[in-house]
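Have a look at the structure below, then the notes.
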Amino acid sequence: MEKIQSPHLNQLLDVLLKVDYDRLYPNLELVEMPLGKVLCESGDRLSHVYFPTTSIVSILYAMENGASAEIALVGNEGMFGVQILLGGDTTPSQAVVQSAGYGYRMKAQILRNEVANGGPLQRLLLRYTQALITQMSQTAVCNRHHSLQQQLCRWLLLSIDRLSSNDLNMTQELIANMLGVRRESVTEAAGTLQNMGLISYSRGIIKVLDRKGLEAKSCECYQVVKDEMDRLLPALHGIVN
């Protein structure tokens, strides 16, 4: 439990200058983030920002007919609520916990006041926002131009990058909602990957067995997003230290 409770499991919080971390720490509230919990509905005013530690948050766009598609994942590498940094209080997207775990939340107004002062914290969060925009843009391209199997590989890789294990507690119906496709299509694509020996799927648990093989079957979109995050994270360390 002690490890779960550490804010340092979130990479953004972990690289803060000690003076910034010590100032923010009293405002960080540990919260349990169960599977399916809605952190924000479309159009809601953001009351809090979230720094996941062992959970993953999916940012979704929902249509009037009930269809939805994921545009980004936020895990221990980042923060949900970048709209606060850009001067916005609401978002047309929905935020839902995709993988259960823990995280820290902070009142949005506190973070708004902090970034208004400029300095290392503001630069850190703006660099992260740049990486998140890259993920959103690449997801849009991927959904338009690549096969469902490639999209599923990309999605699985991005998910396990944000977890401490290769196991995902995830139903095929939920994956279908994330990718904006029919459940039967996910069943077929997942079955193909399982027959290749890349994953196993049983009772809602997906286990990645062959990461290299999954990367080989994924499109270039996964690597583009990963490279951008890897490029920015060393820069973040340079900014705040």
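Values for this structure:
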item: Test: Thr171 is surrounded by fewer than 20 Cβ atoms within 10 Å (Cβ to Cβ), among the β-branched types (Val, Ile, Thr) and touching a Gly at 6+ places or on another chain (Cβ under 6 Å); result: yes
item: The stretch 1-24 residues that are outside the structural domain of Thr54 (by TED's automatic domain parsing) and surrounded by 11 or more Cβ atoms within 10 Å (Cβ to Cβ), paired with ones that are modelled with pLDDT of 95 or more and in a helix (DSSP H, G or I) (beta carbon under 6 Å, 6 or more apart); result: none
item: Which listed residue is closer than 17 Å to Cys221 by Cβ, modelled with pLDDT under 95, of a type in the set (Gly, Ala, Ser) and crowded, with 21+ Cβ neighbours inside 10 Å, from Ser147, Ser159; result: Ser159
item: Selected residue (criterion: surrounded by the fewest Cβ atoms within 10 Å (Cβ to Cβ)) from residues of the stretch 79-122 that are more than 25 Å from Pro34 (Cα to Cα) and among the small types (Gly, Ala, Ser); result: Gly87
item: Helices (runs of 4 or more DSSP H) completely within the stretch 103-203 that count 2 or more residues being within 30 Å of Leu24 (Cα to Cα) and charged (D, E, K, R); result: 108-116, 119-145
item: Only listed residue being under 24 Å from Val74 (Cβ atoms) and free of Cβ contacts under 8 Å to residues at least 40 places away in the same chain, chosen from Val141, Val208, Val181; result: Val181
item: The listed residue being without any contact (Cβ under 8 Å) to a residue 12 or more places away in the chain, closer than 22 Å to Val57 by Cα and either in the same structural domain as Glu77 (by TED's automatic domain parsing) or in contact with a Lys or Arg (Cβ under 9 Å, 6 or more places away or on another chain) (or both), out of Ala176, Ala131; result: Ala176
item: Sole residue being of a type outside the set (Ser, Thr, Tyr) and under 24 Å from Cys221 (Cα atoms), chosen from Leu111, Leu126; result: Leu126
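The values are calculated or read from the model by the stated rules, or taken from the named source; none is laboratory data. On a predicted model such as this, the values are computed, not experimentally measured, just so you know. Here the Cβ is made from the backbone with ideal geometry for all residues, glycine too, and neighbour counts use every protein chain on show.
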